[in-house]
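*Asks:* What follows is a structure written as structure tokens; I'll ask about it next.
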Amino acid sequence: MPRLQWTRASSAALLALLGALSLTACSDDDDDKKPDAGSQPVDAGTTDAGTDAGTDAGPPVDTGIPWDGGSAGDFSCQGKATATLTFAPGQEQEIQNQVNTLAECTTIQLAAGTFTFKNAITIRQNGITIKGAGKGVKGEGTGTASSTVLVFTTAAANSNGLDVVGKRFEVSDLAVWNAKKDAVRVESSVDVVMRRVRTEWAEADKESNGKYGLYPVKSKYVVIDECEAYNAADAGIYVGQTEYAIVRNSVALQNVAGIEIENTKYAYVIGNTARDNTTGLVVFDLPGNPIKGTDIRVVNNIITDNNRNNFASVAASSSTVSQVPAGTGTFILASRRVELTGNTWENNNSLDVAVLSGLIIEQDPAQWVAGGLNFASADINIHDNVFKGGSGDNVDNGKLDAQRRPLGALVATLYTFGETQGTRQVEHLVWDGVDPFGHPRTDVNPINICFTKNTLPAGTTTAIVDLDLLAAGTAVTGGDLAGGWAKTRHYAATGTAFDCAGFSPALTIGDNIK
Amino acid sequence: MRTSFVNPRLSVVLLALVLAACGSSDPENPGSPPDSGTPVTDAGPEDAGVPDAGPVDAGVLDAGTPDAGPVTVIPNTLSGFGLFTGTPADGGLVPVEGNVPYTLSTALFSDYAVKSRTLYIPPGGVAHYQPKDALDLPVGTLITKTFAFPADLRKPDQDVRLIETRVLVRQPTGWQAWPYVWNAAQTEADQVAGGDSTTVAFIDLEGKSRSFEYSVPSKNQCLICHHLQDEAGVQVMHPIGVKARYLHHPNTYGGVERDQLEYLASLGKLDGLPPAAELPKAPDAFDPSASDLSTRARTYLDINCAHCHNPKGTAGITSRLFLNIDNADLFTLGECKRPGSAGSGVGGTFDIVPGNHAESILWYRMHTEESGKMMPQIGRVVHHAEGSKLIADWIDSLPPKTCK
């Protein structure tokens, strides 16, 4: 692990670029509504609750997840006519003609091999299943005797791979290669299963790669299971603007963001590996979205070595992930009721876990009105995880860019000074100290971030930092590095206000999943 | 989104003021559970002037009670509709009587394809006039649009190769779209629901040879442009071009110049037509004598972008960028507006920076030919030099503003 020589960073250049925040309104955190704990009644209607979708036989079924004791969407294929259409490589035009005239509850069975498409596979029907012979392995751009690869290398500009709107959709056992935009995009759909699907672009580190691998958005009841996502120029596995989602036993490597849960209510993210991305596993709300994210459970994931240089961070970029410094294991931004447990973080050069206010990406509260002024983070419970070390000692890989990745530049600047004071790396838990906006500094933990029973590397002194970003940033901007550093507060892992018991009611999503 | 550290306008004073004014962060109750999701719907100005305020959706798909009328059987060949006589191979495709050719005053750009359009309203059927939305067309209506490329754009009537004809069919349950692809002999167009891809070559307006892969959209892709969301959030198919403002101009019928709307009314195919003085009119966006720059630019954006970028279009809802002609709200029109998720390297930080087209994402995305960045999403491979210049001129003509 190369260590950053903090003092080598050009402080003067950074200072010239770092502005400060101007926060101009109040949050509405004082409403007293009880949160939905993930167990409120969902769509009425008939369902085959609890049907096991793991079997390969039979008509399309629902996600198979007893989301909250038994319900799912309002569309079922049970009792309806079903059909299976089988295709082999070479029948791409037949496939395209058929998918555009599908009857509901049709299964499309694709043989092993390579299918090459000139356009997106666009599905607008309910009850559709697409199955291949296998997802193959990383790097395989052609199908084998036991895998099905859908190749979009020469497809029309701007086209997705699979582009789906429909209730009860399932895709399994195939790979989507070199899609022009998103590999598997499922929008405004209910009961969505992606199982053993690989999405990949041939070349790593290309900003012109497609943006998203697996991309369910504006949907409800989504399962992503045993999938793989490589080389996406935004997020490998994304769940956005969705209610009830599971991301399970999947792998995301070499993306800008490995796994991204955005503006989503009730997500269960378990058993995944996010490695070698710019940032590994992230949870955030964006302004302007009507869904206020909450109740996110992140369990037993491996989030290591996320040090890939940010290849989306080019001039004139507006995406959130293009602003993220390389080496960010996990960040939680504008989110609430998030539980992180059983996870492993190691060797993430900037930091392992950051808890941030949405105001650092959009300071105008008016922009957060659509989601109920959802800029503040609160109720974050980080317990029983393993922090193995090797993290926080080379922020943004030392390639600081205050214009494109300002937060990394600021943290680096602070710790450049911190090193002279004996602080050798960024702590495992970083809180920006912004929320709730304007809180008195006598409140050490006003948004209820709990950090308990975590395993830390031997010799750890401080495990938690409150950056007091506004004050520290202001001082640093004014050229006062010592004053900026003095604003930051560093805490041991135990015996402080962060040694707390989580939040109530506790999260229940996932409790019904075997 | 971008972070705000580089924003130079900090003020400690402001912070102090806000601190004093807020006092809303309740330090006594740090664990106060946040509201987990009663989204506050902004009743803001964005929604003012919603283009499709009602009658369009009536009785279509979501109502569950199909409109009266027979189902149109979809033929395997275009000739099966009986809408034309002749073929391109033998001198031309001629609309039969009752299949009325029409033009739009400003049209969607489609890779410089030359387009011809017809409207067939079945016997006994009549369209109802709509001041803003597409005409309310009866069951059995067929709208055709044929895409063709002349060998030389400077001679648009010579050596023309027809590529595809798209047919919009008004079924009792709502609209359907069907693509038909012309054969090499130019004797027939076959239904290809899955779309197609073909190499197109022509000499452009500057005399340069160009060649690119032209994509015929699949049936389902038609919905990407031809939709509005109903109240349940379901995409419902709609025609785009057949709006009074684009139809209200002269065309030649039987050697006589007639206003297109008045001609339809004279055939008994359109009712509710108000007096000519009350008819809306969209100018030819490329005729400086037709209207001022702003109106022409807004017209171009309306016909090229607003089928998605409106308050009922899926992309519009996501992006909050509304380019429909009647949107008078400068922010949702893009002025100093950060995009929802425009991605990386899109030319700027704001959709429109007044006075500066080069830093405006809106211009960048309609100018670029890079996959994943260009707009519209489908139907364009090359960029529209004239349209791009029109929008650049318009943005540059806006009073300069510094966006924050």
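Please treat every number below as a calculation from the coordinates, not as lab data. These numbers were taken from a predicted model, which means no experiment stands behind them. Neighbour counts run over all protein chains shown; Cβ positions are idealised from the backbone, glycine included.
*Asks:* Can you list the residues, at least 5 places off or on another chain, whose amide H is less than 5 Å from the amide H of B:His227, using H built in the peptide plane?
*Replies:* Counting only residues 5 or more places away or on other chains, the set is B:His238.
*Asks:* Per DSSP helix of 4 or more residues, -39500 (n - 2.57); summed, then divided by the residues of chain A. What does that give at 222 nm, rounded to the nearest 500?
*Replies:* Details: 5 runs with 46 residues, N = 514.
My calculation for chain A gives -2500 deg cm²/dmol from helical runs alone.
*Asks:* I would also like to ask the following. Using label points projected 7 Å from each Cα along Cα→Cβ, tell me how many nm separate B:Ser211 and A:Thr462, to one decimal.
*Replies:* Label at B:Ser211, label at A:Thr462, 6.6 nm between them.
*Asks:* Something else now. When you look at the Cβ of every residue in A:315-327, what mean number of other chain Cβ atoms sits within 10 Å? Can you show the working numbers first?
*Replies:* Working: counts 5, 10, 8, 17, 9, 4, 3, 5, 4, 1, 0, 0, 0.
Average neighbour count from other chains, rounded to a whole number: 5.
*Asks:* For a footprinting-style exposure proxy, rank A:Trp345, B:Trp175 by other Cβ within 10 Å, fewest first. All intermediate terms of the calculation are to be shown ahead of the outcome.
*Replies:* On the way: A:Trp345 27, B:Trp175 22.
Lowest count first: B:Trp175, A:Trp345.
*Asks:* Also, I was wondering about something else. What percent does the relative contact order of the range B:53-282 come to when contacts are Cα pairs within less than 8 Å and at least six residues apart? If you can, show how the numbers build up before the last one.
*Replies:* Details: 458 pairs, mean separation 44.2, N = 230.
Worked out over the range B:53-282, it gives 19 percent.
*Asks:* So which of B:Lys312/B:Lys337; A:Lys265/B:Lys337; A:Lys181/B:Lys401; B:Lys132/B:Lys155; A:Lys118/A:Lys211; A:Lys135/A:Lys181 end up more than 23 Å apart, counting from Cα to Cα?
*Replies:* Working: B:Lys312/B:Lys337 19 Å; A:Lys265/B:Lys337 27 Å; A:Lys181/B:Lys401 33 Å; B:Lys132/B:Lys155 35 Å; A:Lys118/A:Lys211 19 Å; A:Lys135/A:Lys181 20 Å.
Table pairs above 23 Å Cα-Cα are A:Lys265/B:Lys337; A:Lys181/B:Lys401; B:Lys132/B:Lys155.
*Asks:* Under a Cβ-Cβ cut-off of 13 Å, what is the net charge of the residues other than B:Ala385 that fall near it, where Lys and Arg count +1 and Asp and Glu count -1?
*Replies:* Charge balance near B:Ala385 sits at -2.
*Asks:* Hey, can you rank B:90-101, A:158-169, A:360-371 by average C-beta count inside 10 Å, highest first? Write out the running numbers ahead of the final one.
*Replies:* On the way: B:90-101: 14.1, A:158-169: 25.1, A:360-371: 20.9.
Ranked by mean Cβ neighbours within 10 Å, highest first: A:158-169, A:360-371, B:90-101.
*Asks:* Grab the Cα-Cα distance for A:Val386 and A:Asp443, subtract it from 0.36 nm times how many residues apart they are, and report the gain in nm with one decimal.
*Replies:* Working: separation 57, 0.36 × 57 = 20.52 nm, distance 2.75 nm.
The A:Val386-A:Asp443 span can extend by a further 17.8 nm.
*Asks:* Separation of the range A:244-263 and the range B:180-209 by C-alpha centroid, Å?
*Replies:* Answer, in whole Å: 41.
*Asks:* While we're looking at this one, here's another question. Give me the inter-chain shielding for B:316-323: mean count of other chain Cβ atoms within 10 Å, whole number please.
*Replies:* Values: counts 0, 2, 6, 1, 4, 0, 0, 0.
The shielding value for this peptide is 2.
*Asks:* Moving to a separate point now. Can you give the mean number of other chain Cβ atoms that lie within 10 Å of the Cβ atoms in peptide A:357-367?
*Replies:* The per-residue average across the peptide is 3.
*Asks:* How large is ³J(HN,Hα) for each residue in the range A:143-150, as worked out from phi by the Karplus curve 6.51 cos²θ - 1.76 cosθ + 1.60 (θ = phi - 60°), to whole Hz, x for Gly and Pro?
*Replies:* Once rounded to whole Hz, the list reads x, 10, 5, 10, 9, 10, 10, 9.
*Asks:* Follow-up. If a/c stays under 1.5 just call it rounded; otherwise compare a/b with b/c (prolate if a/b is bigger, oblate if not). Do that for the range B:284-404, with a ≥ b ≥ c from the square roots of the Cα gyration tensor eigenvalues.
*Replies:* Numbers: a/c = 1.22, a/b = 1.14, b/c = 1.07.
The shape class here is rounded.
*Asks:* On each of the three principal axes of the Cα atoms of the range B:53-282, give max minus min coordinate, whole Å, ordered largest first.
*Replies:* Sorted from largest, the Cα extents of the range B:53-282 read 49, 39, 30 Å.
*Asks:* Work out from phi, with θ = phi - 60° and the Karplus expression 6.51 cos²θ - 1.76 cosθ + 1.60, the ³J(HN,Hα) of each residue of the range A:354-367, listed in order in whole Hz, and give x for Gly and Pro.
*Replies:* Result, rounded to whole Hz: 10, 10, 10, 7, x, 5, 6, 9, 8, 7, 8, x, 4, 6.
*Asks:* Additional query: Relative contact order of the range A:432-514, please, whole-number percent, based on alpha carbon pairs below 8 angstrom and at least 6 residues apart.
*Replies:* Details: 85 pairs, mean separation 30.1, N = 83.
Contact order relative to length: 36 percent.
*Asks:* I would also like to ask the following. What list of whole percents do you get for P(r) of the range A:231-341, with Cα-Cα distances grouped in 5 Å bins up to the one holding the largest distance?
*Replies:* 3, 14, 25, 25, 20, 10, 2, 0
*Asks:* Quick one: which residues, 5 or more positions from A:Arg308 or on another chain, have an amide H under 5 Å from its amide H? H modelled 1.01 Å from N in the peptide plane, none for Pro or chain starts.
*Replies:* A:Asn277, A:Thr278, A:Gly327
*Asks:* Same structure again: Working out 0.36 nm times the residue gap between B:Thr402 and B:Asn251, then minus their Cα-Cα distance, what length gain in nm do you get to one decimal? Let's see the in-between values first.
*Replies:* Working: separation 151, 0.36 × 151 = 54.36 nm, distance 4.50 nm.
Full extension of this stretch gives 49.9 nm more.
*Asks:* Taking all pairs of different Cα atoms in chain A, averaging 1/r and flipping that mean, what Kirkwood radius in angstroms comes out? Spell out each step's value before the answer.
*Replies:* Values: mean 1/r = 0.0430 Å⁻¹.
About 23.3 Å for chain A.
*Asks:* Here is a further query. Going by how many other beta carbons lie within 10 Å of each one, how would you line up B:Leu264, B:Leu108, fewest first?
*Replies:* Details: B:Leu264 24, B:Leu108 21.
With the fewest neighbours first, B:Leu264, B:Leu108 line up as B:Leu108, B:Leu264.
*Asks:* May I pose another question? Could you list B:Tyr253, B:Tyr300 in order of exposure, starting from the residue whose Cβ has the fewest other Cβ atoms within 10 Å?
*Replies:* Working: B:Tyr253 15, B:Tyr300 28.
Ranking B:Tyr253, B:Tyr300 by Cβ neighbours within 10 Å, fewest first, gives B:Tyr253, B:Tyr300.
*Asks:* Hey, another quick one. For A:Thr86 and A:Thr142 in the same chain, what is the full-extension length gain: residue separation times 0.36 nm, less their Cα-Cα distance, in nm? Numbers along the way, then the final one.
*Replies:* Details: separation 56, 0.36 × 56 = 20.16 nm, distance 1.92 nm.
That works out to 18.2 nm of additional length.
*Asks:* Using each residue's phi in the range A:173-190, evaluate 6.51 cos²θ - 1.76 cosθ + 1.60 at θ = phi - 60° and report the 3J(HN,Hα) Karplus result to the nearest Hz, with x for Gly and Pro.
*Replies:* 6, 7, 10, 10, 10, 6, 4, 6, 10, 9, 6, 10, 10, 10, 10, 6, 10, 10
*Asks:* For B:Asp196, enumerate residues with amide H under 5 Å from its amide H, sequence gap 5+ or separate chain, H modeled in the peptide plane.
*Replies:* B:Val216
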